[in-house]
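These notes concern the structure reproduced below.
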Amino acid sequence: MKLLKSEHIYKGRIIDLYKDTVKTGKRTVTRDIIRHPGSVLIIPVLDVKKQKIILINQYRYAAGGYIYELPAGTRDENESFKSCALRELIEETGYASGKIREVTRFFLAPGTMTEIMALFISYNLEKSEQNLDEDEQITPFVTTLGKAVDMVFSGRIKDSKTIAGIMVLKNIFGDKKLYKKYFG
């Protein structure tokens with residue numbers, strides 16, 4: 001595909017919307033693209049041996065109420081993924097990271113968005129103080145990985161990035177090589 005024209009349609013607080021005209025083979029088509037600076041997802045492991053993790057219960061306007069999620073957030077301009085993860089962890093859970101490791105990066109909606117999310121595991125957590133943004137309503141929720149997996153399959157966890165993070169962590173705990181890589 002070759003970009004022929006890119007028209008800036010809307011500038012928001014976090015996203016920009018573009019209408020791109022692209023040439024694909026012999027055809028010219030338009031694509032509505034949301035440009036996003038990138039984001040992070042953090043799996044806070046409070047107790048590695050007991051597989052205790054911290055979820056958050058957050059009010060989401062678009063979802064119409066409170067939902068369970070892993071802590072996450074959008075990168076600030078020129079902020080590294082790791083710095084963003086460390087900042088968001090304290091802001092949303094009230095815990096600072098002792099150790100943090102990046103697991104992977106993935107697209108959230110590659111058909112319409114440029115957003116790439118970096119997934120981190122954080123452990124050796126130290127109690128700090130929540131520092132919520134003005135518009136955030138978040139309560140930390142401590143649970144075990146097993147209960148979080150049950151929450152996924154019962155439909156209590158509906159957020160796709162959180163489902164992905166929980167299943168990644170389940171695989172890490174179930175694989176000796178991966179466990180050693182991230183917790184060794």
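Among all residue pairs at least 6 apart or on different chains, which show Cβ distances below 8 Å where the first residue, located in the range 44-56, is farther than 14 Å from Asn124 by Cβ and in contact (Cβ under 8 Å) with a residue 12 or more places away in the chain and the second is crowded, with 20+ Cβ neighbours inside 10 Å and of a type in the set (D, E, K, R)?
Leu55/Glu69; Ile56/Glu69; Ile56/Glu92
For (1) among the acidic types (Asp, Glu); (2) within 30 Å of Ile33 (Cα to Cα); (3) in contact (Cβ under 8 Å) with a residue 40 or more places away in the chain; (4) not assigned by TED's automatic domain parsing to the domain that holds Tyr61, each residue gets a yes or a no:
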residue	(1), (2), (3), (4)
Glu126	yes, no, no, no
Asn131	no, no, yes, no
Thr139	no, no, yes, no
Ala148	no, no, yes, no
Ser160	no, yes, yes, no
Ile163	no, yes, no, no
Ile166	no, yes, yes, no
Leu169	no, no, yes, no
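Can you find even one residue in the range 24-44 that is outside the structural domain of Lys161 (by TED's automatic domain parsing), at pLDDT below 95 and assigned to a strand (DSSP E or B)?
yes
Of Ile90, Ile100, Ile157, Ile116, which residue is within 16 Å of Pro44 (Cβ to Cβ), surrounded by fewer than 20 Cβ atoms within 10 Å (Cβ to Cβ) and in contact with a Phe, Trp or Tyr (Cβ under 7 Å, 6 or more places away or on another chain)?
Values: Ile90 fails: in contact with a Phe, Trp or Tyr (Cβ under 7 Å, 6 or more places away or on another chain); Ile157 fails: surrounded by fewer than 20 Cβ atoms within 10 Å (Cβ to Cβ); Ile116 fails: within 16 Å of Pro44 (Cβ to Cβ).
Result: Ile100 is the single residue among Ile90, Ile100, Ile157, Ile116 that is within 16 Å of Pro44 (Cβ to Cβ), surrounded by fewer than 20 Cβ atoms within 10 Å (Cβ to Cβ) and in contact with a Phe, Trp or Tyr (Cβ under 7 Å, 6 or more places away or on another chain).
Looking at (1) of a type in the set (S, T, N, Q); (2) surrounded by 12 or more Cβ atoms within 10 Å (Cβ to Cβ); (3) not assigned by TED's automatic domain parsing to the domain that holds Gly111, which is the only condition Ser83 fails?
Result: Ser83 passes all but (3).
Under the condition of being β-branched (Val, Ile, Thr) and over 16 Å from Asp135 (Cβ atoms), which residue from the range 43-100 is nearest to the chain's Cα centre (by Cα)?
Ile43
Inspect the range 65-79 for any residue being in the same structural domain as Ser160 (by TED's automatic domain parsing), loosely packed, with under 15 Cβ neighbours inside 10 Å and within 18 Å of Gln137 (Cα to Cα) and give the result as yes or no.
yes
Provide a single number: the residues in the range 58-75 that are farther than 12 Å from Ser122 by Cβ, in contact with a Lys or Arg (Cβ under 8 Å, 6 or more places away or on another chain) and assigned to a loop (DSSP other than H, G, I, E, B).
The first filter runs over the range 58-75 and keeps only residues farther than 12 Å from Ser122 by Cβ, leaving 58-69, 72-75.
Add one more test, that the residue is in contact with a Lys or Arg (Cβ under 8 Å, 6 or more places away or on another chain), and what stays is 63, 66-69, 72-73.
This time we only want the ones that are assigned to a loop (DSSP other than H, G, I, E, B), so: 63.
Residues in the range 58-75 being farther than 12 Å from Ser122 by Cβ, in contact with a Lys or Arg (Cβ under 8 Å, 6 or more places away or on another chain) and assigned to a loop (DSSP other than H, G, I, E, B): 1 in total.
Just give me the residues in the range 85-113 being outside any helix (DSSP H, G or I), on the phi < 0 side of the Ramachandran plot and among the small types (Gly, Ala, Ser), in sequence order.
Passing the criteria: Ala96, Ser97, Gly98, Ala109, Gly111.
Looking at Asn131 and the list (1) in contact with a helix residue (DSSP H, G or I) (Cβ under 7 Å, 6 or more places away or on another chain); (2) under 30 Å from Arg31 (Cβ atoms); (3) modelled with pLDDT under 95, which single condition is not satisfied?
(2) is the only condition that Asn131 fails.
Considering only residues that are aliphatic (A, V, I, L, M) and either without any contact (Cβ under 8 Å) to a residue 12 or more places away in the chain or under 22 Å from Met167 (Cα atoms) (or both), which ones fall in the range 67-97?
Ile67, Leu70, Ala72, Ala85, Leu86, Leu89
The values are calculated or read from the model by the stated rules, or taken from the named source; none is laboratory data. Please read these numbers as outputs of a predicted model, since none were measured by experiment. For neighbour counting, all protein chains shown are included, and Cβ atoms are generated from backbone atoms with ideal geometry for every residue, glycine included.
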